[in-house]
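Visitor: Before I ask anything, let me first share the structure, which is written out below as structure tokens.
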């Protein structure tokens, strides 16, 4: 329970492990997502370093083919599901209620549950390395390679169960957030006054809600093919491997927008603050984001141009893919319009935000190239695609996330990350990223395929591979700089004011970090940039009424218990069904306990 | 979920609806994609089986019509349960909930019988694409019915406690009703697309 | 009919038990018609079309009236429509993408009729892999 009485008390409750295990506070859950996501980011980066080291020279001997296949599969799976998505979820968890003027999300215990199920799925998937080998069929696990006959180990079963758990976690979180945004906004916070970051995350939530079920069906079918004698994807029995590809990509294409939209939202928040200008073309930004999502459901077969599609589908999907460049371009021009004529402060957050625009645009340009089927027939499965992916996902998503980290660090922790180290981090990351991924355009165009663990010396690929590997180590160094910055900063005492950047959005109306109850008084919103409006119109912060008692939802261990039950359910599918039965019992018990426990 | 989460202090529900109702409706939208993918798979493999039995060899349309009718009746008792909950008639609500649960169980009984009969006639998951896609589709629908029966039973048991379902009781029953009706309309689609359409 | 007795129920449904009985009878009758049609001599195309229309009607009636969508906040309809429309669109797209071509596994042949076996077939769950 927390009370407020005139002043703004810092929340200094004793944080034990049990506090964290039973928390339903969105800020703590956001912190857990953030730390876990970043840890897996480091793991996936390490996997990438191994890949690059193996490919630095022709016929490398760092890892064998089997291990290499596991590495690139897990690198992608870890980056996508265990790093980028949780980091986005971390920001959204922490800031959603604050930015819309609420005190928590719609279903706090469900929020905690989604974290624990995520952690279970993440650990299960990663543990595959020590339980017979990680999945090695790529993150897309194409049939018929994924069949038991050709992948007889357990790697792909870990893939199926792991992704089912992770998908469940994301679905639960997305449902919760969608209800929160729709139904829990502060008075005056109409939909078209929502911060663009919130709009982008709302769109992301709907993308997940509508696409996750499709891959769930695909995963179930793969599980059944591998373990229950069905033949959904076995051609000789009447099945069709292309069905897997369609179902997978109907999910996985919207998924890539899930990966990029949060960072686009973050950049849309950061640029106005450090250009001291409102975002250019707010309505267009919102509609463009929605358009990207809607179109994102209509382009999936552009991943399948080389599978023998008929002419008409090829044309349709090519056209829809190129069409997505339009709303994307609108966003890019609007970001530039925000900067133009602004009074720009070049701090680290701003460096990352501006470079996001450039790097993502490069990735977008290569993407439009392979939207053309004949061009794609050259580029598919080559390093040109790898270049595209990493420009949009590293130069886009990751760079945007770092921008958000530097921007929001004072609000999250009460401290400022060091600017000098931040600039070193930025420049080494920028140089490293381009050094690693730009040469891959050349490698792809000169014919280097993806997912090969070695290459011969006389193919002309050595130079660029070596450059890319050097770049990867520069990238690793840059992350090290960030980690040093982080740890040295956290050892300082918190001293940040409420709104050090003079930013416009509501989260900056609280202390840094916010008290447990977020707002002493729920704000009334009069403008799209509430704090700038209040500042420019001399509107004071609301008086805190005397004797104010704010009731917060009490902690609960049922989300943790239910998360454990679902992990057990998954483990049982991979080993003994008795464990699954036990997991189900624990889940049912948890649901009952949850429904009956008092929340006031 | 028994929750006062939506009623914190002077909280404003900007769209003006109950959080839990909104949650269930959005969840049902998600379920449309789930069953849509399963039905798509069934339709894609229609006519692609390499061996018999095919639908015409095993389907017993009159029997399945009976089970369809049972599920339809359970939807009817479900609306009565919601009506009873919302009009302060707890006996009506409890009786109707019980009838709905029984309807669900009878439907499941029909499903189990049908699955066993088909297996005896040579149709299993591994036999052909019809078997695989049929059993996975109707099996997952049946699982949803089973979860619904458990959910309904929980609400019924909850209503038999001293405080009943609390002041939000009507909403709880309404929400389980949404889930149950959805399971019914999915069956309407499956019955037509899988059983009736040649 | 009767206005809602509970103050906190903001949506008053004009439907009472009598209306629900009528609706249910209607749904049952439509189901019987579908059943009868499936035994008729109609060719596959028109039969399928009529069955789809009838089922869609039942679907709409259950969603709008049993699930109260017609009487509730518009936001519920919007949310459900997202899922329904997208799911239908993807279903149609997948069917179109997989529309049979003559080079599929069967090669356009008909399967021979089923012979009836006397011995019961084993159960279909292969759980060997799991232990």
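The values are calculated or read from the model by the stated rules, or taken from the named source; none is laboratory data. The shown structure was predicted, so the numbers you read here are calculated from the model rather than taken from an experiment. Because the Cβ atoms are built from the backbone with ideal geometry, glycine has one as well, and the counts that use them run over all protein chains shown.
Visitor: Could you grab me the full set of residues in the range A:351-378 that are crowded, with 22+ Cβ neighbours inside 10 Å and under 11 Å from residue A:305 (Cα atoms)?
Guide: A:370, A:376
Visitor: Is the range A:248-268 home to any residue that is surrounded by fewer than 22 Cβ atoms within 10 Å (Cβ to Cβ) and assigned to a loop (DSSP other than H, G, I, E, B)?
Guide: So far as the range A:248-268 goes, no, none of its residues is surrounded by fewer than 22 Cβ atoms within 10 Å (Cβ to Cβ) and assigned to a loop (DSSP other than H, G, I, E, B).
Visitor: Report the residue count in the range A:187-204 for those that are at the interface with chain B (Cβ under 8 Å from one of its Cβ atoms) and either buried (at least 22 other Cβ atoms within 10 Å of the Cβ) or in a helix (DSSP H, G or I) (or both).
Guide: Total meeting the criteria: 1.
Visitor: Quickly run through the range B:66-82 and pick out the residues that are free of Cβ contacts under 8 Å to residues at least 12 places away in the same chain and touching a helix residue (DSSP H, G or I) at 6+ places or on another chain (Cβ under 6 Å).
Guide: B:76
Visitor: Go through the range A:480-518 and report how many residues are more than 30 Å from residue A:102 (Cα to Cα) and surrounded by 18 or more Cβ atoms within 10 Å (Cβ to Cβ).
Guide: The total comes to 3.
Visitor: Do the conditions hold for residue A:343, that is, is it over 23 Å from residue A:294 (Cα atoms) and not in a helix (DSSP H, G or I)?
Guide: Yes; evaluated as a whole, the condition is true for this residue.
Visitor: Still on this model: Restricting attention to the range B:120-130, which residues are part of a helix (DSSP H, G or I), touching a helix residue (DSSP H, G or I) at 6+ places or on another chain (Cβ under 8 Å) and facing another protein chain (nearest Cβ under 8 Å)?
Guide: Within the range B:120-130, B:129 is the sole residue that qualifies.
Visitor: Follow-up question, since we're still on this one. Can you find a residue in the range A:142-153 that is closer than 30 Å to residue A:96 by Cβ, surrounded by 18 or more Cβ atoms within 10 Å (Cβ to Cβ) and modelled with pLDDT of 95 or more? Talk me through it step by step, then tell me what you get.
Guide: Initial filter on the range A:142-153 (closer than 30 Å to residue A:96 by Cβ): none.
No, there is no match, as no residue in the range A:142-153 is closer than 30 Å to residue A:96 by Cβ, surrounded by 18 or more Cβ atoms within 10 Å (Cβ to Cβ) and modelled with pLDDT of 95 or more.
Visitor: A follow-up question, please. If I ask for residues that are farther than 30 Å from residue A:516 by Cα and surrounded by 24 or more Cβ atoms within 10 Å (Cβ to Cβ), which ones from the range A:396-435 would you list?
Guide: Those that are farther than 30 Å from residue A:516 by Cα and surrounded by 24 or more Cβ atoms within 10 Å (Cβ to Cβ): A:396, A:425, A:426, A:429.
Visitor: Being in contact with a strand residue (DSSP E or B) (Cβ under 8 Å, 6 or more places away or on another chain) and crowded, with 21+ Cβ neighbours inside 10 Å is the requirement here; does residue A:109 meet it? Can you show your working first?
Guide: Working: in contact with a strand residue (DSSP E or B) (Cβ under 8 Å, 6 or more places away or on another chain): no; crowded, with 21+ Cβ neighbours inside 10 Å: yes.
For residue A:109, the condition - in contact with a strand residue (DSSP E or B) (Cβ under 8 Å, 6 or more places away or on another chain) and crowded, with 21+ Cβ neighbours inside 10 Å - is not met.
Visitor: Given the criteria more than 30 Å from residue A:35 (Cβ to Cβ), free of Cβ contacts under 8 Å to residues at least 40 places away in the same chain and in a helix (DSSP H, G or I), does residue A:458 qualify?
Guide: In short, yes.
Visitor: Counting only residues that are farther than 15 Å from residue B:42 by Cβ and touching a helix residue (DSSP H, G or I) at 6+ places or on another chain (Cβ under 6 Å), which one in the range A:245-255 is nearest to the other protein chains (Cβ to nearest Cβ)?
Guide: Looking at the filtered set, the residue picked out is A:250.
Visitor: If residue B:20 meets every condition in (1) in contact (Cβ under 8 Å) with a residue 12 or more places away in the chain; (2) at the interface with another protein chain (Cβ under 7 Å from one of its Cβ atoms); (3) under 19 Å from the mean Cα position of the chain (by Cα); (4) closer than 28 Å to residue A:102 by Cβ apart from one, which number is that one?
Guide: Of (1) in contact (Cβ under 8 Å) with a residue 12 or more places away in the chain; (2) at the interface with another protein chain (Cβ under 7 Å from one of its Cβ atoms); (3) under 19 Å from the mean Cα position of the chain (by Cα); (4) closer than 28 Å to residue A:102 by Cβ, only one is false for residue B:20: (2).
Visitor: Looking at the range C:40-71, which of the residues that are over 16 Å from the mean Cα position of the chain (by Cα) and within 8 Å of chain B (Cβ to nearest Cβ) is farthest from residue B:71 (Cα to Cα)?
Guide: C:44
Visitor: Residue check, residue B:108 against (1) part of a helix (DSSP H, G or I); (2) facing another protein chain (nearest Cβ under 7 Å); (3) free of Cβ contacts under 8 Å to residues at least 60 places away in the same chain; (4) surrounded by fewer than 23 Cβ atoms within 10 Å (Cβ to Cβ), all met but one. Which one?
Guide: (2)
Visitor: Quick test of your reading of the structure: residue A:229 fulfils all but one of (1) farther than 29 Å from residue A:380 by Cβ; (2) more than 14 Å from chain B (Cβ to nearest Cβ). Name the failing condition by number.
Guide: (2)
Visitor: Could you check residue B:51 against (1) buried (at least 22 other Cβ atoms within 10 Å of the Cβ); (2) in contact (Cβ under 8 Å) with a residue 24 or more places away in the chain and say which number it fails?
Guide: With (1) buried (at least 22 other Cβ atoms within 10 Å of the Cβ); (2) in contact (Cβ under 8 Å) with a residue 24 or more places away in the chain applied to residue B:51, the lone miss is (1).
Visitor: Here is a check on your reading of the model: is residue A:278 more than 8 Å from every other protein chain (Cβ to nearest Cβ), under 30 Å from residue B:139 (Cα atoms) and out of contact with any strand residue (DSSP E or B) (no Cβ under 9 Å at 6 or more places or on another chain)? Spell out the reasoning first.
Guide: On the way: more than 8 Å from every other protein chain (Cβ to nearest Cβ): yes; under 30 Å from residue B:139 (Cα atoms): no; out of contact with any strand residue (DSSP E or B) (no Cβ under 9 Å at 6 or more places or on another chain): yes.
Taking the combined requirement at face value, the residue does not satisfy it.
Visitor: Which residues, counting only those in the range A:244-254, are under 21 Å from residue A:229 (Cβ atoms) and in contact (Cβ under 8 Å) with a residue 60 or more places away in the chain?
Guide: If the condition is that a residue be under 21 Å from residue A:229 (Cβ atoms) and in contact (Cβ under 8 Å) with a residue 60 or more places away in the chain, then A:244 is the only one that fits.
Visitor: Still on this structure: Go over the candidates B:178, B:196 one by one and state the one that is under 26 Å from residue C:58 (Cα atoms) and either modelled with pLDDT under 95 or surrounded by fewer than 20 Cβ atoms within 10 Å (Cβ to Cβ) (or both).
Guide: B:196
Visitor: A follow-up question, please. Name, by its number, the condition in (1) within 9 Å of another protein chain (Cβ to nearest Cβ); (2) modelled with pLDDT of 95 or more; (3) under 30 Å from residue C:93 (Cβ atoms); (4) over 15 Å from the mean Cα position of the chain (by Cα) that does not hold for residue B:42.
Guide: With (1) within 9 Å of another protein chain (Cβ to nearest Cβ); (2) modelled with pLDDT of 95 or more; (3) under 30 Å from residue C:93 (Cβ atoms); (4) over 15 Å from the mean Cα position of the chain (by Cα) applied to residue B:42, the lone miss is (1).
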